[in-house]
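In what follows, a single structure is set out as structure tokens and then discussed.
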Amino acid sequence: MATLVNPAQTKAIIQRILEAALADTAGELAARFRELIESPVFEWPGQTIRRSGEVAGSPRNIVDLGNLRDSQRTVKVNAAVFEFIWSVQYAAYVFYGYTTLAGNSYPGRDWVSPVAREALGLFATEVRKRV
């Protein structure tokens, strides 16, 4: 006996599954970005007295007053794309590193790549939960 399949209905179901899985994956990635920013895993030359008063050595987290971490936004671009944005002006300096006018160089602290490498696996897990 043949089973009747409605292609439009099947497509709509698959689309809903994928969109829900993507939204949950974006939420999980956002949480993991914040978690990594707060983790003491970033190498740094020497000690620093942060504006918060904390003495930070190496390895360290990249939270001083929390402005970078708290500036994180997740933007839904369309049904298939989410964008993560850190809107503080100095985010690129933290990410890429920088050299001061006096010639002192400071390393970048990439909090994005380690989390981004997990994205496909997280998405696959979210899809499997729904099928």
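The values are calculated or read from the model by the stated rules, or taken from the named source; none is laboratory data. Here the structure is a predicted model, which is why all the values come from computation and not from measurement. Here the Cβ positions follow ideal geometry from the backbone for every residue, glycine too, while neighbour counts run over all protein chains shown. Calculation scope for accessible area: heavy atoms of the full protein, side chains included, ligands and nucleic acids excluded. Shrake-Rupley method; radii C 1.70, N 1.55, O 1.52, S 1.80 Å.
When you scan segment 108-129, do you find a residue that is modelled with pLDDT of 95 or more, among the β-branched types (Val, Ile, Thr), touching a Lys or Arg at 6+ places or on another chain (Cβ under 6 Å) and assigned to a strand (DSSP E or B), even just one?
No.
Considering only residues that are open to solvent by 30 Å² or more (accessible area, probe 1.4 Å) and in contact (Cβ under 8 Å) with a residue 40 or more places away in the chain, which ones fall in segment 107-118?
Within segment 107-118, 107, 112, 114, 116, 118 qualify.
Looking at this structure, is residue 13 among the aliphatic types (A, V, I, L, M), part of a helix (DSSP H, G or I) and touching a residue at least 24 places away in the same chain (Cβ under 8 Å)?
no
Among the residues of segment 33-56, what is the count of those that are under 23 Å from residue 113 (Cα atoms) and either assigned to a loop (DSSP other than H, G, I, E, B) or open to solvent by 70 Å² or more (accessible area, probe 1.4 Å) (or both)?
9
Can you tell me how many residues in segment 57-89 are touching a Phe, Trp or Tyr at 6+ places or on another chain (Cβ under 9 Å) and not in a helix (DSSP H, G or I)?
Going through segment 57-89, the residues touching a Phe, Trp or Tyr at 6+ places or on another chain (Cβ under 9 Å) turn out to be 57-62, 67-69, 71-76, 84, 86.
Okay, now just the ones that are also not in a helix (DSSP H, G or I), so 57-62, 71-76, 84, 86.
Here the count works out to 14.
How many residues does segment 68-86 hold that are exposed (fewer than 12 other Cβ atoms within 10 Å of the Cβ) and within 23 Å of residue 44 (Cα to Cα)?
Number satisfying all stated conditions: 0.
In segment 72-97, how many residues are of a type outside the set (Phe, Trp, Tyr) and within 14 Å of residue 111 (Cα to Cα)?
The qualifying residues number 6.
Quick test of your reading of the structure: residue 125 fulfils all but one of (1) farther than 30 Å from residue 10 by Cα; (2) of a type in the set (Ser, Thr, Tyr); (3) over 15 Å from the mean Cα position of the chain (by Cα). Name the failing condition by number.
With respect to (1) farther than 30 Å from residue 10 by Cα; (2) of a type in the set (Ser, Thr, Tyr); (3) over 15 Å from the mean Cα position of the chain (by Cα), residue 125 is out only on (1).
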